[in-house]
Amino acid sequence: MLTNLTPQPADKILALMQMFREDPRENKIDLGVGVYKNAEGVTPVMRAVKTAERQLVDSQTTKAYTSLAGDPAFAKAMQSLVFGDTAPTDRLAAVATPGGTGAIRQGLELMRYADKAATIWLSAPTWPNHPSIVRYLGIPMREYRYLAAERPVVDFDGMMADLAQARTGDLVLLHGCCHNPTGANLTQQQWGQVADLLEKTGAVPFVDIAYQGFGDGLEEDAYGPRLLAGRMPEMIVAASCSKNFGVYRERTGLLMALAPDAKTKGEVQATLNFLNRQNYSFPPDHGARVVQMILDDPALRADWQAELEDVRTGMLGLREQLAAELRQRTNSDRFDFIAEHRGMFSRLGISAEKVARLREEHGIYMIGDSRMNIAGLNSATVPILAEAIVAVMNE
Ligand code: LMR
């Protein structure tokens, strides 16, 4: 039996992570996998997370199972983080999941269970694991244009023209904020136009929000999902805590499904519980409980928000510094978009061959499509990167 297995293509983000680990060069720079690093190159455990973990160790009296949907207090706290005080809880079903990827997987499973014929529309480009999971589940998939060809900005006309072809009951995967891999995001006005179009076509938004707080701020980054939740009869949201709480390895996420009415919500909740049971039974609890403790304790929450804000503004500073260094070295505004983008990533817009040369000749690792993780930089490595980019461009 096992001899029948055909090898799957390696995930390019994880393959690059491994290559970086194996590179013996001391001055190598990792701009690959989307993990936040501080100026010392460390991915710290956030202060509030450490405090909450200590409190948890001291106060936890059992490790018996929670419920199939996870701890309800976690779902409630996360619903309010994503949707604000006006979270439509009477229509919102939710299950805790192993990370944001687990939430995406369960959302897709839910979609397939509800309607095998529905198509999911993905932005071109998108996070490579989106199409990979969709294909694995055998869900029909189409792409919509997202990034303009000439400059790394949103091709909004192309996006709207493609999404006008979506049919009632299709799903449209939207990045809630901080688009991965491009860093180019919808404006508030454009979110409104997307909502108008979804209302017209009857397609259902599936929002993946993995970087809330990394773009323009916690509230600002939730603008799109909140707008849609106020207008759409149905919606799916996959929320990740990996990045904004820095709990990557704890696998902490929440899948939310907005039902058209409270009665349907009950049925959706039962289906989500069933899907959790089929796939892994109970979701992991540690990270979820830590996140809930932080969100529900005013002091811990204030400390977490302050640290998250430092992370966000730090990345913005690096974006501005890199854009300025490149402006000066190239004597052009070609890379000014780096300062306009938001989130962890930007795509530089250079060829795969030049990306390979950055890696081989300069020890700088970015994904082959020229996606770089801004948080992999610090003020000392920005000029080194700028110099290397100019070097590979000029030769
Ligand atoms: C990324 O895009 O680098 C992150 O979301 C990590 C991952 O799992 O790919």
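Each reported figure results from applying straightforward, stated rules to the coordinates on display, with no laboratory input. No experiment lies behind these values; they were computed from the predicted model shown. Positions of Cβ are generated from backbone atoms using ideal geometry, with glycine treated the same way; all protein chains shown enter the neighbour counts.
Observations, loosely collected:
- The lysines whose alpha-carbon is closer than 20 Å to the alpha-carbon of residue 76, local same-chain residues fewer than 8 away aside, are 243, 263, 265.
- Other-chain or far-sequence residues with amide H under 5 Å of residue 172's (modelled H): 121, 204, 206
- Multiplying the residue separation of residue 5 and residue 353 by 0.36 nm and subtracting their alpha-carbon distance yields 122.1 nm.
- Helix-only mean residue ellipticity at 222 nm for the chain, each DSSP H run of n ≥ 4 adding -39500 (n - 2.57), per residue, nearest 500: -14500 deg cm²/dmol
- For peptides 179-190, 128-139, sequence by mean Cβ density within 10 Å, most packed first: 179-190, 128-139
- Residues in the range 357-383 that a label on residue 336 would reach, taking backbone N under 11 Å of a point 7 Å out along Cα→Cβ: none
- Take the Cβ atoms of residue 310 and residue 80, set R0 to 30 Å, and the FRET efficiency comes out at 0.85.
- Neighbour net charge for residue 240 - beta-carbon separation under 15 angstrom, K R +1, D E -1: +1
- Between amide H atoms placed 1.01 Å from N, distances below 5 Å from residue 235 occur with 258, all of them 5 or more places distant or on a separate chain.
- Stretching the chain fully between residue 286 and residue 390 yields a gain of 32.9 nm (0.36 nm per residue, less the alpha carbon separation).
- Electrostatic bookkeeping for residue 224 treats Lys and Arg as +1 and Asp and Glu as -1; over the other residues with beta carbon under 15 Å from its beta carbon, the sum is -4.
- Summed residue charge, Cβ within 13 Å of residue 310's Cβ, Lys/Arg positive, Asp/Glu negative: -1
- Span-like helix ranges in the chain, DSSP H, alpha carbon extent 24 angstrom or more, Kyte mean at least -1.0: 262-279, 298-330
- Working from label points 7 Å from Cα in the Cα-to-Cβ sense, the residue 65 to residue 89 distance is 2.6 nm.
- For the pair residue 189 and residue 14, the difference between a 0.36 nm per residue extended length and the Cα-Cα distance amounts to 59.5 nm.
- Peptides 235-245, 10-20 ranked from most to least packed by the mean count of surrounding Cβ atoms within 10 Å: 235-245, 10-20.
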